[in-house]
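Engineer: The structure's right below; bear with me while I get my questions together.
The values are calculated or read from the model by the stated rules, or taken from the named source; none is laboratory data. The structure displayed is predicted, hence computed values, not measured ones. Here Cβ is always computed from backbone atoms with ideal geometry, including for glycine, and neighbour counts include all displayed protein chains.
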Amino acid sequence: MIGIICAMQVEADGIIALAENTTNEEINGMSFISGKLNGIDIVVVVCGIGKVNAAICAVTLINRYKPELVINSGVAGALSPLVSIGDFVVATKAVEHDMNTTALGNKQGEVSFPDGRIMFFECDKNVSTLLAKCAKELPDTKVVQGIIASGDIFVSDRRKRLLLNDRFGAMACEMEGAAIGHACWCCKTPFAILRAISDDLDENKGVDFVKFCSMAAEKSVSVINLFTKSV
């Protein structure tokens, strides 16, 4: 089974529409839609915006459905001029850019555990490679594999976006992926992050995000559909 987590309903609707034999289960205030997509068992859930929502959702999904893989699919903002609206960033790893215990001598982005600290949560390499391959099948679409930065803030300021790129080497920012990766790492579950760019460095205001969000979400659905045909 593949678990698919989206932050917003617009990101999940297309996947749910393609699925067959769907059932709905409500857990912790979230709707988990189970079904089949191209013969593959899937469960799709909208977690809501933000890292805490995403982490709660991921742990709930893993404990209830025991997926072999968790994919976070949706949209993101560009942190580099190398990607524009409609392009894809497939994560190689993810970082919580707003995690900050630098006052204690740690690096920004490092998450503390009882036995040490981690800055980057590594995505499953085989899955990420296959997602990127599927994304490249879409016409007029650039695909980049790289770091995705997550935080509990919608970063719209160009200067702040470039700072995240400089500090972490990240190509895109959003508000859930690294938290899902964090939860999956703790639960020893492979994960991947697929993000279509909905707002770039030139058009990065909230109105642009709304304008292009549906288009970017549709492209993500197409990739997920192709991916389930390939596994």
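Engineer: Considering only residues that are within 19 Å of residue 150 (Cα to Cα) and of a type outside the set (A, V, I, L, M), which ones fall in the range 10-51?
Structural biologist: Matches in the range 10-51: 11, 47, 48, 50, 51.
Engineer: Being modelled with pLDDT of 95 or more and outside any helix (DSSP H, G or I) is the requirement here; does residue 67 meet it?
Structural biologist: Details: modelled with pLDDT of 95 or more: yes; outside any helix (DSSP H, G or I): yes.
In short, yes.
Engineer: Now for a separate question. Can you find a residue that is closer than 20 Å to residue 155 by Cβ, hydrophobic (A, V, I, L, M, F, W, C), modelled with pLDDT under 95 and not in a strand (DSSP E or B) anywhere in the range 40-63? If you could, list the steps in order and put the result at the bottom.
Structural biologist: We begin by selecting, within the range 40-63, every residue closer than 20 Å to residue 155 by Cβ; these are 47-55.
Next cut, hydrophobic (A, V, I, L, M, F, W, C) only: 47, 49, 52, 54-55.
Imposing the further condition that a residue be modelled with pLDDT under 95 reduces the set to none.
So far as the range 40-63 goes, no, none of its residues is closer than 20 Å to residue 155 by Cβ, hydrophobic (A, V, I, L, M, F, W, C), modelled with pLDDT under 95 and not in a strand (DSSP E or B).
Engineer: Go through 179, 94, 170 for me and flag whichever is in contact with a Leu (Cβ under 8 Å, 6 or more places away or on another chain) and closer than 23 Å to residue 48 by Cβ. Reasoning before the result, please.
Structural biologist: Values: 179 fails: in contact with a Leu (Cβ under 8 Å, 6 or more places away or on another chain); 94 fails: in contact with a Leu (Cβ under 8 Å, 6 or more places away or on another chain).
After ruling out the rest, the residue left standing is 170.
Every residue, every condition in (1) surrounded by 15 or more Cβ atoms within 10 Å (Cβ to Cβ); (2) more than 21 Å from residue 229 (Cα to Cα); (3) touching a helix residue (DSSP H, G or I) at 6+ places or on another chain (Cβ under 9 Å); (4) among the aliphatic types (A, V, I, L, M), yes or no:
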| residue | (1), (2), (3), (4) |
| --- | --- |
| 121 | yes, yes, yes, no |
| 126 | no, no, no, no |
| 144 | yes, yes, yes, yes |
| 150 | yes, yes, yes, no |
| 175 | yes, yes, yes, yes |
| 184 | yes, yes, yes, no |
| 190 | yes, no, yes, no |
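Engineer: Restricted to the range 57-111, and to residues that are acidic (Asp, Glu) and free of Cβ contacts under 8 Å to residues at least 60 places away in the same chain, which residue is surrounded by the most Cβ atoms within 10 Å (Cβ to Cβ)? Explain how you work it out, then say what you get.
Structural biologist: If we filter the range 57-111 for residues that are acidic (Asp, Glu), which is where we start, we get 68, 87, 96, 98, 110.
Retained after the next criterion (residues that are free of Cβ contacts under 8 Å to residues at least 60 places away in the same chain): 98, 110.
On the way: 98: 17, 110: 19.
Here the answer is 110.
Engineer: What do you reckon, is residue 109 of a type in the set (Gly, Ala, Ser) and out of contact with any helix residue (DSSP H, G or I) (no Cβ under 8 Å at 6 or more places or on another chain)?
Structural biologist: Values: of a type in the set (Gly, Ala, Ser): yes; out of contact with any helix residue (DSSP H, G or I) (no Cβ under 8 Å at 6 or more places or on another chain): no.
So residue 109 fails the test.
Engineer: Can you name every residue in the range 93-125 that is assigned to a loop (DSSP other than H, G, I, E, B) and under 14 Å from the mean Cα position of the chain (by Cα)? Walk me through how you get there before you give the answer.
Structural biologist: Keep residues of the range 93-125 that are assigned to a loop (DSSP other than H, G, I, E, B), which gives 97-101, 105-110, 114-115, 119, 123-124.
Within the range 93-125, 123, 124 meet the criteria.
Quick grid of which residues meet (1) over 30 Å from residue 41 (Cα atoms); (2) at pLDDT 95 or above; (3) in contact with a Phe, Trp or Tyr (Cβ under 6 Å, 6 or more places away or on another chain):
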site	(1), (2), (3)
158	yes, no, no
193	no, yes, no
198	no, no, yes
208	yes, no, no
213	no, no, no
223	no, yes, no
